[in-house]
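The structure under discussion appears below in the form of structure tokens.
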Amino acid sequence: LNTCTAMNVLQVWNCDLVGATFDISALTSLVILQISGNSNLSTLNVTNNTILRELYCQDDNLSTLDVTNNTGLTILEANGNSLTSLNLTNNTKLKTLLLYANTGLALPTGFSGLTELEWVDIYNCNVTVPLNCTPFLNLRRVSAGNTSLPSVNLSTCTKLEWIYIRSSPSVTTLNLPATLSNTTLVYGDGCALTAAAINDILVKLDANGVSNT
């Protein structure tokens, strides 16, 4: 594989990759890497793949992931792993970030700097701090929630299409923007919103002519 140095796209989906035997360090021309569904893969090194734009590594067995050299990433889908931390400080071009079902993962370092985000899913991660999405003016889809998520602020996200806040019995505050003209779905399951908070959401939806939501 390491002789294929001109390769741009590599898909190794639902194979039986094991441990650290998958070496792509010589594939410096990779733009898209799909390596999902390899439940025995414990290590993925993309340090040398500096021009990656899309990285899909879902449902592997990764406990760590270093993407600090992958500054051109626009899509990162790493859901269903065993990550406990993630540094996204250098990944400010990200538009899609899917991290759900990493049950030990706290809110990634540098999260607030991802101002280009359009889709974020951190459901069933270990987020114990308020989720503040006010920097994400282009956000269209958001999914979050776990037993420790305290609150969600989406007050500046006027392009939202759908909102999932699930399994969050500690969430008493869900701030939505006044303008919700693109919104088609608001889903809150297992939260602790008061009747007044729910009424505020319904009033905003009604004011924007949103029905059957």
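The values are calculated or read from the model by the stated rules, or taken from the named source; none is laboratory data. Every value quoted in this text rests on a predicted model; they were computed, and no experiment measured them. Cβ placement follows ideal geometry from the backbone for every residue including glycine, while neighbour counts extend to all protein chains displayed. Areas reflect the complete protein model, heavy atoms only, side chains present, ligands, DNA and RNA absent. Shrake-Rupley method; radii C 1.70, N 1.55, O 1.52, S 1.80 Å.
Structure remark: mean-square fluctuation, Gaussian network model of the chain, C-alpha springs under 10 Å; the largest value among A178, A195, A144 belongs to A195. Accessible surface calculations at 1.4 Å, restricted to protein heavy atoms, place the stretch 1-72 at 49 Å² per residue.
For the stretch 1-107, just say rounded, prolate or oblate: build the C-alpha gyration tensor, square-root its eigenvalues into a ≥ b ≥ c, call rounded for a/c under 1.5, and beyond that prolate if a/b exceeds b/c, oblate if not.
Working: a/c = 1.79, a/b = 1.16, b/c = 1.55.
The shape class here is oblate.
Nearest 5 percent is fine: what portion of the DSSP beta bridges confined to the chain is antiparallel?
0
In the chain, taking the dipole from charged Cβ atoms about the Cα centre, the farthest positive-side position among L193, T43, T179 is held by T179. With contacts taken as Cα pairs under 8 Å and at least 6 residues apart, the chain reaches a relative contact order of 10 percent.
Between the Cα long axis of helix 195-207 and the first principal axis of the chain there is an angle of about 80°, rounded to the nearest 10.
Magnitude of the charge dipole for the stretch 1-121, about its Cα centre and with charges confined to Cβ atoms of Lys, Arg (+1) and Asp, Glu (-1), is about 240 debye. When the alpha carbon gyration tensor of the chain is reduced to an equivalent ellipsoid, the three semi-axes, largest first, read 35, 18, 14 Å. Relative to one another, the C-alpha centroids of the stretch 1-68 and the stretch 73-136 are positioned 19 Å apart.
Note: relative contact order over the stretch 1-98, using C-alpha pairs below 8 Å and six or more positions apart, is 22 percent. The three principal axes of the Cα atoms in the stretch 60-103 give end-to-end lengths of 25, 17, 14 Å, sorted in falling order. A 1.4 Å probe run over the protein chains yields, for the stretch 150-213, 51 Å² of accessible area per residue, whole-number rounding. Protein heavy-atom surface of the stretch 1-152, 1.4 angstrom probe: 48% of the accessible area is carbon and sulfur, with nucleic acids and ligands not counted.
For the stretch 44-132, rounded, prolate or oblate, judged on the Cα gyration tensor with a ≥ b ≥ c (square roots of eigenvalues), a/c < 1.5 rounded, else prolate if a/b > b/c? Can you show the working numbers first?
Numbers: a/c = 1.66, a/b = 1.16, b/c = 1.43.
Since a/c reaches 1.5 but b/c is at least a/b, the shape of the stretch 44-132 is classed as oblate.
Structural descriptor for the stretch 1-44: relative contact order 51 percent, calculated from alpha carbon pairs under 8 angstrom and at least 6 residues apart.
Y164 sits with roughly 60 Å² accessible to a 1.4 Å probe, with DNA, RNA and ligands left out of the calculation.
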